[in-house]
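Here the structure is laid out as structure tokens; the discussion comes afterwards.
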Amino acid sequence: MNFQEGEVLYFNKPLHWTSFDLVNKARYLVRQFLGVKKVKIGHAGTLDPLATGVLIVCTGKATKRIESFQYQTKEYVATLKIGETTPSFDLETEVDATYDTSHITEELVKETLSKFIGEIHQIPPKYSAVKINGKRAYEYAREGKDVEIKPKVLVIDEIELIECSLPVVKIRVVCSKGTYIRALARDIGEALNSGAHLTALERTRIGDVSLSDCISMEQFEELLKQEPKPEKGC
């Protein structure tokens, strides 16, 4: 592996890790392997700490490819709890309201999901990294301040109901860059005349890179142990 010239690594991000945690760990291991103090490294598309799955990491000159990866379509498998909402739209915060679900059927869920296919306008979560006047939205949220977050135009290519055990449903979503699946869960809940939040999320694909192509951080460490050490100064 030539990390300075550029490598593209496919990781399966573990639960509770931030994307930065994973990049930081990979950077440390690569620096140790190369025997250098600095190495260029970055990821192509943030995953929330409570999400798992495909995270592409680029090193050296391959970091120039990050933007091209970011613009590729992404596939997710999401689990939603209908009838409850949280301020963060996921399990990061406590349930703040409950709603009636007695009118909701599997057929209604399928019909509602189909309405989200195509171009949609989505307001990002207030607990997100969206910048407002140079400050992250989640910083305002944690300060208890309400700020206006403008909707973004996104594209949902596919949305499919995988499992339905009401009030819990599992869906597969193929979407464009910048889609917040947490916000999609909120919008689906509202479209069902109820509420919803995300209880699990896995990114299963970025472009042609799927989970089966990914490795864990432990596997990466083992690969580095088997890799011939580069000569000093390389």
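Among the residues of the range 147-164, count how many are part of a loop (DSSP other than H, G, I, E, B) and surrounded by 15 or more Cβ atoms within 10 Å (Cβ to Cβ).
Counting residues in the range 147-164 that are part of a loop (DSSP other than H, G, I, E, B) and surrounded by 15 or more Cβ atoms within 10 Å (Cβ to Cβ) gives 1.
Given the conditions (1) without any contact (Cβ under 8 Å) to a residue 24 or more places away in the chain; (2) in a loop (DSSP other than H, G, I, E, B); (3) not charged (D, E, K, R), which single one is not true for GLY178?
Here GLY178 clears every test but (1).
Can you spot a residue in the range 48-56 that is at pLDDT below 95 and surrounded by 21 or more Cβ atoms within 10 Å (Cβ to Cβ)?
yes
The rows are residues; the columns are (1) within 17 Å of the chain's Cα centre (by Cα); (2) closer than 15 Å to ALA183 by Cβ; (3) exposed (fewer than 15 other Cβ atoms within 10 Å of the Cβ).
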position	(1), (2), (3)
LEU80	yes, yes, no
THR86	no, yes, no
PHE89	yes, yes, no
ILE104	no, no, no
GLN122	yes, yes, no
PRO125	yes, yes, no
GLU139	no, no, yes
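Being touching a strand residue (DSSP E or B) at 6+ places or on another chain (Cβ under 7 Å) and either over 19 Å from SER194 (Cα atoms) or among the polar types (S, T, N, Q) (or both): is that true of ALA141 here?
Taking the combined requirement at face value, the residue does not satisfy it.
Scan the strands (runs of 3 or more DSSP E) fully inside the range 14-124 and keep the ones with 3 or more residues being not aliphatic (A, V, I, L, M).
Result: 51-59, 74-82, 118-122.
Being surrounded by fewer than 17 Cβ atoms within 10 Å (Cβ to Cβ), farther than 30 Å from THR199 by Cβ and without any contact (Cβ under 8 Å) to a residue 24 or more places away in the chain: is that true of ARG65 here?
For ARG65, the condition - surrounded by fewer than 17 Cβ atoms within 10 Å (Cβ to Cβ), farther than 30 Å from THR199 by Cβ and without any contact (Cβ under 8 Å) to a residue 24 or more places away in the chain - is not met.
Residue check, PHE220 against (1) surrounded by fewer than 16 Cβ atoms within 10 Å (Cβ to Cβ); (2) not assigned by TED's automatic domain parsing to the domain that holds GLU106, all met but one. Which one?
In the conditions (1) surrounded by fewer than 16 Cβ atoms within 10 Å (Cβ to Cβ); (2) not assigned by TED's automatic domain parsing to the domain that holds GLU106, PHE220 misses (1) alone.
Only residues in the range 21-48 that are of a type in the set (Asp, Glu) count as the first member; pair them with residues that are in a helix (DSSP H, G or I) and crowded, with 16+ Cβ neighbours inside 10 Å, Cβ under 8 angstrom, at least 6 apart or cross-chain, and list the lot.
Going by the 8 Å Cβ cut-off, the qualifying pairs are ASP48/ARG182.
The values are calculated or read from the model by the stated rules, or taken from the named source; none is laboratory data. Here the structure is a predicted model, which means the values were calculated and not measured. Neighbour counts are summed over all protein chains in view; Cβ atoms, including those assigned to glycine, are modelled from backbone coordinates with ideal geometry.
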